[in-house]
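Here is the structure we will look at, set down as structure tokens.
The values are calculated or read from the model by the stated rules, or taken from the named source; none is laboratory data. On a predicted model such as this, the values are computed, not experimentally measured, just so you know. Cβ: placed from backbone, ideal geometry, glycine included. Neighbour counts: every protein chain shown.
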Ligand code: HEM
Ligand code: HEM
Ligand code: FES
């Protein structure tokens with residue numbers, strides 16, 4: 001068997017500015033491809049990406065070569081496997097289950113969403129990306145995690161600094177200095193709040209982890225909260241912006257979504273169409289084979305869920321935003337043991353609460369110049385602006 | 001092959017033939033049975049593969065593990081004595097003819 005072909009033409013710039021035509025070509029021509037600019041083997045077909053994520057023994061998340069560890073100053077659950085991962089994951093999952101989100105947090109989310117949406121001015125052009133999507137996602141997350149004392153500004157800044165650090169594949173000192181400063185701020189706040197959450201547990205992730213019968217170590221409690229801060233703001237924000245773009249540029253679908261109250265479908269389609277986390281990495285633990293090519297131990301494969309979500313084998317016209325698909329088995333939340341711990345939170349807040357509320361308050365919202373919207377990102381992707389007129 | 005019947009919340013029955021060794025969740029997902037999502041691929045991380053084992057089969061499918069119990073607590077629909085995570089029920093010949101009922105919602 002041969003190694004996968006090596007591509008030396010595709011650049012990181014291309015993957016960040018307009019990856020979809022590239023992925024479409026790769027699905028047809030080279031679904032297993034070593035891409036020199038990324039230093040990894042890219043997998044672009046749905047069957048391959050799922051097979052990799054469902055097999056953590058062979059394709060490990062425990063990759064010591066990523067900048068994630070210095071950025072979080074911890075080896076986090078995202079980068080662990082097996083029993084060790086399970087224990088830490090279970091500790092935080094309890095705060096994020098469908099039942100808890102619906103019964104305990106639903107009313108609070110609705111109230112917070114209402115407050116933030118009520119602040120938006122009518123009749124003006126507003127950038128929803130900066131004025132609503134980011135701050136609201138931050139506020140809701142602060143409550144779920146049990147750190148509502150943190151401001152929206154802090155939550156968003158910490159999140160971005162953690163992500164910049166975790167994405168610092170150039171290993172430059174500045175991003176780590178910045179994430180260090182953020183870690184100091186977070187650790188100080190968590191320590192200050194610890195006695196309060198212990199004395200009056202409020203069902204938040206922090207309180208549940210602190211008061212568990214057999215608690216995980218304090219360092220890992222902190223690391224878990226940080227992972228949720230890093231992963232819980234940008235993705236819902238990007239998801240919301242993507243869905244709004246999809247609906248506002250397809251008014252016929254928007255009308256139908258309204259008529260059928262199908263906001264949850266719109267949510268699933270938005271994250272299928274442009275997955276907020278487009279790619280994940282896994283370290284190969286034994287020599288193996290994928291799609292007919294030899295994959296050596298020590299190689300890093302990258303599952304491109306962005307591409308899997310448009311795979312012609314699963315979707316008719318996957319390149320288009322179309323809410324009313326028969327089936328939508330997308331991989332935007334990943335697969336396997338690392339399947340997004342916040343999936344239920346995201347579904348409920350964005351799909352069931354924010355979207356209907358926003359269109360209820362501003363039924364004639366428009367996006368006058370869709371061409372002005374800029375899309376960006378290889379690891380993470382979404383519009384970076386969304387100038388709408390609220391009416 | 002092992003026969004499994006899935007009874008949806010509205011009473012619709014889907015009968016499939018599954019291979020020995022697969023789970024009730026995997027069998028449902030690979031046969032497009034609606035009502036079982038199974039997002040985490042059977043890692044006991046998502047509780048979207050919740051099912052109720054038919055009374056007649058309760059003894060044969062066995063008891064839930066502690067980890068399963070904990071994860072089930074978070075399921076979207078009501079959890080009863082007969083609730084299981086279908087990814088944790090492995091099909092063997094003793095389960096030929098198994099009947100499971102599906103909850104109203106998984107998400
Ligand atoms: C639309 C919004 C979201 C999307 C698309 C998304 C996507 C993902 C994906 C693809 C992964 C898997 C990464 C991998 O396989 O390596 C993941 C993991 C994770 N996400 Fe999300 N996420 C979203 C929202 C959230 C929210 C709101 C939270 C927190 C409340 C959250 C917390 C986490 C955590 C803790 C993990 C790590 C799970 C583990 O490693 O076991 N996510 N997310
Ligand atoms: C050789 C080049 C690069 C490779 C191979 C690479 C690979 C990756 C991979 C695999 C992820 C997915 C997250 C995971 O599962 O760990 C990721 C995340 C990320 N990347 Fe890159 N990346 C590269 C360069 C860059 C550059 C130049 C930037 C920004 C200037 C960047 C920013 C990010 C960010 C912000 C994340 C999110 C980190 C997280 O929280 O997981 N990356 N990158
Ligand atoms: S498939 Fe996720 S818990 Fe069973």
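Where helices (runs of 4 or more DSSP H) fall entirely within segment A:263-350, those with at least 3 residues that are within 22 Å of the chain's Cα centre (by Cα) and modelled with pLDDT of 95 or more are at A:263-273, A:305-308. Residue check: is residue A:342 in contact with a helix residue (DSSP H, G or I) (Cβ under 6 Å, 6 or more places away or on another chain) and more than 19 Å from residue A:128 (Cα to Cα)? So residue A:342 passes the test. Close contacts from segment A:174-190, counting a first residue that is more than 22 Å from residue A:146 (Cβ to Cβ) and a second that is part of a helix (DSSP H, G or I), with Cβ to Cβ under 6 Å and a gap of 6+ residues or different chains, come to A:175/A:164; A:175/A:165; A:176/A:70; A:176/A:165; A:178/A:161. Can you tell me which residue within segment A:198-217, out of those that are over 20 Å from residue A:148 (Cβ atoms) and without any contact (Cβ under 8 Å) to a residue 24 or more places away in the chain, is surrounded by the most Cβ atoms within 10 Å (Cβ to Cβ)? Ranking the candidates gives A:217 first.
Of the residues A:120, A:162, which single one is modelled with pLDDT of 90 or more and crowded, with 22+ Cβ neighbours inside 10 Å? Explain how you work it out, then say what you get.
Values: A:120 fails: crowded, with 22+ Cβ neighbours inside 10 Å.
Going through A:120, A:162 in turn, the sole match is A:162.
If the condition is being out of contact with any strand residue (DSSP E or B) (no Cβ under 7 Å at 6 or more places or on another chain) and surrounded by 22 or more Cβ atoms within 10 Å (Cβ to Cβ), then segment B:39-73 contributes B:39, B:40, B:41, B:45, B:46, B:48.
Just one of (1) modelled with pLDDT under 95; (2) in contact with a helix residue (DSSP H, G or I) (Cβ under 6 Å, 6 or more places away or on another chain); (3) under 16 Å from residue A:303 (Cα atoms) fails for residue A:39. It is (2). If only residues of segment A:237-278 that are within 14 Å of ligand 2 (Cβ to nearest atom) and buried (at least 23 other Cβ atoms within 10 Å of the Cβ) are counted, the one that is nearest to the other protein chains (Cβ to nearest Cβ) is A:275.
Select from segment A:11-67 the residues that are assigned to a strand (DSSP E or B) and closer than 28 Å to residue B:30 by Cα and write down the one among them that is nearest to the other protein chains (Cβ to nearest Cβ). The extreme case among them is A:59. Just one residue in the set A:96, A:77 is at pLDDT below 95, within 14 Å of another protein chain (Cβ to nearest Cβ), away from ligand 2 (no atom under 13 Å from the Cβ) and touching a helix residue (DSSP H, G or I) at 6+ places or on another chain (Cβ under 8 Å); that residue is A:96. The test for being part of a helix (DSSP H, G or I), without any contact (Cβ under 8 Å) to a residue 24 or more places away in the chain and more than 30 Å from residue A:325 (Cα to Cα) holds for residue A:195. Scanning segment A:139-158 for residues that are part of a helix (DSSP H, G or I), touching a strand residue (DSSP E or B) at 6+ places or on another chain (Cβ under 8 Å) and in contact (Cβ under 8 Å) with a residue 12 or more places away in the chain turns up nothing. Given the condition assigned to a helix (DSSP H, G or I), touching a strand residue (DSSP E or B) at 6+ places or on another chain (Cβ under 6 Å) and away from chain B (no Cβ under 14 Å), answer yes or no: does some residue in segment A:100-111 qualify? Checked against the condition, which is being assigned to a helix (DSSP H, G or I), touching a strand residue (DSSP E or B) at 6+ places or on another chain (Cβ under 6 Å) and away from chain B (no Cβ under 14 Å), segment A:100-111 yields no hits at all. When the residues of segment B:84-97 are filtered to those that are under 10 Å from the mean Cα position of the chain (by Cα) and buried (at least 20 other Cβ atoms within 10 Å of the Cβ), which remaining residue is farthest from residue A:98 (Cα to Cα)? Within segment B:84-97, the match that is farthest from residue A:98 (Cα to Cα) is B:89.
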